[in-house]
1. Answer with yes or no whether residue 29 is open to solvent by 90 Å² or more (accessible area, probe 1.4 Å) and part of a helix (DSSP H, G or I).
2. Hey, can you tell me all the residues within segment 32-52 that are modelled with pLDDT of 90 or more and part of a loop (DSSP other than H, G, I, E, B)?
3. Taking residue 46 as the residue in question, decide whether it is of a type in the set (Val, Ile, Thr), more than 18 Å from residue 80 (Cβ to Cβ) and either touching a residue at least 12 places away in the same chain (Cβ under 8 Å) or in contact with a Gly (Cβ under 7 Å, 6 or more places away or on another chain) (or both).
4. Being among the polar types (S, T, N, Q) and part of a helix (DSSP H, G or I) is the filter here; which residues of segment 55-80 pass it?
5. Inside segment 1-26, can you point out the residues that are surrounded by 10 or more Cβ atoms within 10 Å (Cβ to Cβ), at pLDDT 85 or above and part of a loop (DSSP other than H, G, I, E, B)?
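The values are calculated or read from the model by the stated rules, or taken from the named source; none is laboratory data. Everything quoted here is computed from the prediction, not taken from an experiment. Here the Cβ positions follow ideal geometry from the backbone for every residue, glycine too, while neighbour counts run over all protein chains shown. When the accessible area is computed, the model is the full protein with side chains, heavy atoms only, and any ligands, DNA or RNA have been set aside. Shrake-Rupley method; radii C 1.70, N 1.55, O 1.52, S 1.80 Å.
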Amino acid sequence: MEPLNYIQRVTLDHAIRYSKNISEETAEDLISYLHDTYGISRFVAIQLLNIWPREALDVRVIVGDKLTQEDIETILQRFE
């Protein structure tokens, strides 16, 4: 196997650093929670899982102005 080139190394480092290792069941539960509780579409819920938000602005960028600040803070607690 050939060694990784620069771009491949950077991509791998990024994937390792920012990926969350959760089960499919946990992901589906979180998607269902977001949909059932806040009316967030499956597509948008998956995007939230992909970025695993740490700040309110992260959630706001993905969902827009549809949620209150309190809702966003509750969502962030699920991602801790």
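1. Answer is yes for this residue.
2. 39, 40, 41
3. Taking the combined requirement at face value, the residue satisfies it.
4. Initial filter on segment 55-80 (among the polar types (S, T, N, Q)): 68-69, 74, 77.
Once the filter is applied, which keeps residues that are among the polar types (S, T, N, Q) and part of a helix (DSSP H, G or I), segment 55-80 yields 69, 74, 77.
5. 4
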